[in-house]
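The values are calculated or read from the model by the stated rules, or taken from the named source; none is laboratory data. All values derive from a computational prediction rather than experimental measurement. Cβ atoms come from the backbone with ideal geometry, glycine included; neighbour counts cover every protein chain shown. Surface accessibility is based on the protein's heavy atoms, side chains included, excluding ligands, DNA and RNA. Shrake-Rupley method; radii C 1.70, N 1.55, O 1.52, S 1.80 Å.
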Amino acid sequence: MSTPANNGPKSAFNTFNLVAGAIILVGLVITVIRFTKGIGSVTNLDDNNPWGIWIGFDLLCGVALAAGGYTTSAACYIFGLKRFHSAVRPAILTAFLGYALVVFALQYDLGRPWRLPYPIFYQQGTTSLLFEVGLCVMLYLTVLFIEFTPAMFEWLGWKKIRGVIVKLTLALTIFGVVLSTLHQSSLGALYTIAPSKLHPLWYSPYMPLYFFVSSIAAGMSMVIFEGTLSHKAMHRMMDEEYLKHHDGVILGFGKAASLVLFGYFFIKMIGVAYDNNWHYLTTGYGLLFLTEILGFVALPCFLYAVGVRDKNIGLIKKAAIITVLGIVFNRFNVSMVAFNYHLPSAERYFPSMMEIGISVFIVTLGVVIFRFITTRMPIFFEHPDYKGDH
């Protein structure tokens, strides 16, 4: 195995750094405004709409799209599909950064970072779904960090502690899957307590199941999407082993994602039938629902199936992009568009530019940190001293 080629130092003043630097600078300015002048100075939130884009996008989408960590590690270590091993470290890193930034983003909504551990260690609200979500996210973020550390220890040359962590891989994977099952579904369960506020086409007693199943499709699609972007931007950091398995990972996850999306489409239709909500499909919200379920679930399901059958990698990548967009679309619909649907348009929520700016800032921060880590640590390649030591 050869280590990745390094083509020499690049200028720090390239397009990526300049754009990312500008976004981060603007994000820091908005951050100062938010924490010195209060949440009302930067958001359009009110008593009718206490949760906005920081929950709908930064939390709900962030957690769903970070599901590649548990899906990939489960495929490799629980189901024994070792051909997915090359995708584990990038998926774990993406999930770890995703969850860390979710917690970071929550501070903008909550406003008191120093009280973050309070509901876990001082006053547990054990009857609250939010407590369960918070506890599981905290524990799973810890699991993801531990799963990520072997790459860091290899980079630092700490062989003994790295060996100890590697031996815990299976236990960490099982624990991570259990925690992910709990909090992915509980995020959907949060909205079951508001049946009068959420449009009937999106409200269902099956919402915990919807959120969990869709997170599996989101995780696998995100692995394909992230792998595609990394393949272009970080190609020089990838070794022969990673490149050799790249297409196989895409085909495998494409096949699984097609099956999961088919199941998701099926249970969504069961939900509509269970509540006899067919008549809503002829309304404006019905058109929105059909766009979501046909354009962002049924269509990528079909494209995945055809792509796998024909071994068309490009088609599978397109299906992954549509699925990722579909998850974002669904979470936006649940948390903002179909929520408070009965209110007049003048009282409906639409995020302010500063809210959008913070979300873009957080995503950019994640990309910058991901790029920093992958150019230094063995994420897309096996460290020469640990070759074959999985």
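Numbers for the structure displayed
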| quantity | calculated |
| --- | --- |
| Every residue from the stretch 273-283 that is out of contact with any helix residue (DSSP H, G or I) (no Cβ under 8 Å at 6 or more places or on another chain), open to solvent by 60 Å² or more (accessible area, probe 1.4 Å) and not in a loop (DSSP other than H, G, I, E, B) | Y274, H279, T282 |
| G38, sole failed condition from (1) open to solvent by less than 60 Å² (accessible area, probe 1.4 Å); (2) under 24 Å from F225 (Cα atoms) | (2) |
| Residue count, the stretch 234-266 (criterion: more than 15 Å from V223 (Cα to Cα) and either of a type in the set (G, A, S) or touching a Leu at 6+ places or on another chain (Cβ under 6 Å) (or both)) | 1 |
| Output for the stretch 104-134, where each listed residue is part of a helix (DSSP H, G or I), surrounded by fewer than 18 Cβ atoms within 10 Å (Cβ to Cβ) and aliphatic (A, V, I, L, M) | L110, I120, L130 |
| Residues located in the stretch 300-340, provided they are of a type in the set (F, W, Y) and either under 22 Å from the mean Cα position of the chain (by Cα) or surrounded by 17 or more Cβ atoms within 10 Å (Cβ to Cβ) (or both) | Y304, F329, F332, F339 |
| Identity of the residue in the stretch 188-221, part of a loop (DSSP other than H, G, I, E, B) and among the aromatic types (F, W, Y), that ends up surrounded by the fewest Cβ atoms within 10 Å (Cβ to Cβ) | Y206 |
| Top-ranked residue of the stretch 358-390 - restricted to ones that are more than 17 Å from F332 (Cα to Cα) and among the small types (G, A, S), ranked as least open to solvent (accessible area, probe 1.4 Å) | G366 |
| Some residue of the stretch 227-246 being among the charged types (D, E, K, R), open to solvent by less than 10 Å² (accessible area, probe 1.4 Å) and either touching a residue at least 40 places away in the same chain (Cβ under 8 Å) or farther than 17 Å from A64 by Cα (or both) | yes |
